[in-house]
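Here the structure is laid out as structure tokens; the discussion comes afterwards.
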């Protein structure tokens, strides 16, 4: 996707536009116009190849996220259909993501420890979502934007917690396995689907903090392993012997507990970081 469709050009009348992400099934644009700066997401189906099966849900994801953001009371949200799928327009959030903020902590020989205030701001953004009765379903470092005043939790296309219109909805089939809780991986392996939960989000946040602060995944498997192999390693509990320094050490270990009931709630995570 090298150009924005007419429907977006009509809605935003951009003076500047830049494609910042182009992956199978979606593109994300940074767009500026007279009314401000926005993120524009376009979804379209993934066609089958010799390496992967066709996927239709990617075409629906932007509208599903737009509907969820609207239900959550976010401002300046609009979404709709275009010839290949759906789109949404939402406010642009300035700032680096969690993984980039802690880059110096991962540098060889670095003595800089991950800042607990950054971890707390990520937990607070997730707590705000949980307080409204929703689970994110796709917690990962790239989805925490560390802004100058607050941290924004983005990419809610896979969130669950309320009704989504049938024409926009699709089953949840897991997320990036690095941040997938064992119970989610087990369900996806067994049935092809799962149900996002606050407990699984806690695991995802723990895994996101761990890899951002140390450079290590929570679970050990070959980098090029198929997703089914990755998920089986998660189900088998193949945790790496790596931990965070300071106060985050025991907390992240608890967040990565195999049993969902043994993980702290998001409010307990926030309280532990005060």
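Just so it is clear, none of the values below were taken in a lab; they were calculated from the coordinates. Bear in mind the structure is a predicted one, so any value in this text is a computation, not a measurement. Heads up, the Cβs are rebuilt from the backbone with ideal geometry, glycines too, and the neighbour counts pull from every protein chain shown.
Computed extension length for residue 186-residue 107: 25.0 nm, one decimal, from 0.36 nm per residue of separation with the Cα-Cα distance subtracted.
Helix 198-214 and the longest principal axis of the C-alpha atoms of the chain enclose an angle of approximately 80°. With a/c under 1.5 counting as rounded, go ahead and sort the range 103-225 into rounded, prolate or oblate using the C-alpha gyration tensor (a ≥ b ≥ c being the square roots of the eigenvalues; past the cut-off, prolate if a/b is larger than b/c, else oblate). It is oblate, given that a/c is not under 1.5 and a/b is not larger than b/c. Place a label point 7 angstrom from the Cα of residue 13 along the Cα-to-Cβ direction, then list the residues of the range 19-39 whose backbone nitrogen is under 19 Å away. Only 31-39 fall inside the zone, counting backbone N under 19 Å. Against the chain, whose longest principal axis is taken from its Cα atoms, helix 182-191 shows a tilt of about 60°. Put in order of Cβ neighbour count within 10 Å, fewest first, the listed residues 65, 116, 3, 166 become 166, 3, 116, 65.
Each part reduced to its alpha carbon centroid, the range 142-195 and the range 91-139 end up 16 Å apart.
Per-residue Cβ neighbour counts within 10 Å put 86, 15, 214, 265 in the sequence 15, 265, 214, 86, beginning with the fewest. Between the range 208-274 and the range 41-72, what's the alpha-carbon centroid distance in Å? With the range 208-274 and the range 41-72 each reduced to a Cα centre, they are spaced 28 Å. For the pair residue 274 and residue 54 in one chain, pulling the backbone fully straight at 0.36 nm per residue adds 74.6 nm over the alpha carbon distance.
A simple spin-label model places the labels of residue 34 and residue 254 5.4 nm from each other, with each point 7 Å out along Cα-to-Cβ.
Here is how the number arises for the chain: DSSP H runs of 4 or more residues each give -39500 (n - 2.57), the sum is divided by the residue count, and the result at 222 nm is -10000 deg cm²/dmol.
Extension gain, residue 22 to residue 261: 0.36 nm times the residue separation minus the Cα-Cα distance gives 82.3 nm. Taking the number of Cβ atoms within 10 Å of each Cβ as an exposure proxy, the fewest-first ranking of 199, 94 is 94, 199.
The C-alpha atoms of the chain define a longest principal axis, and helix 57-71 lies at about 80 degrees to it.
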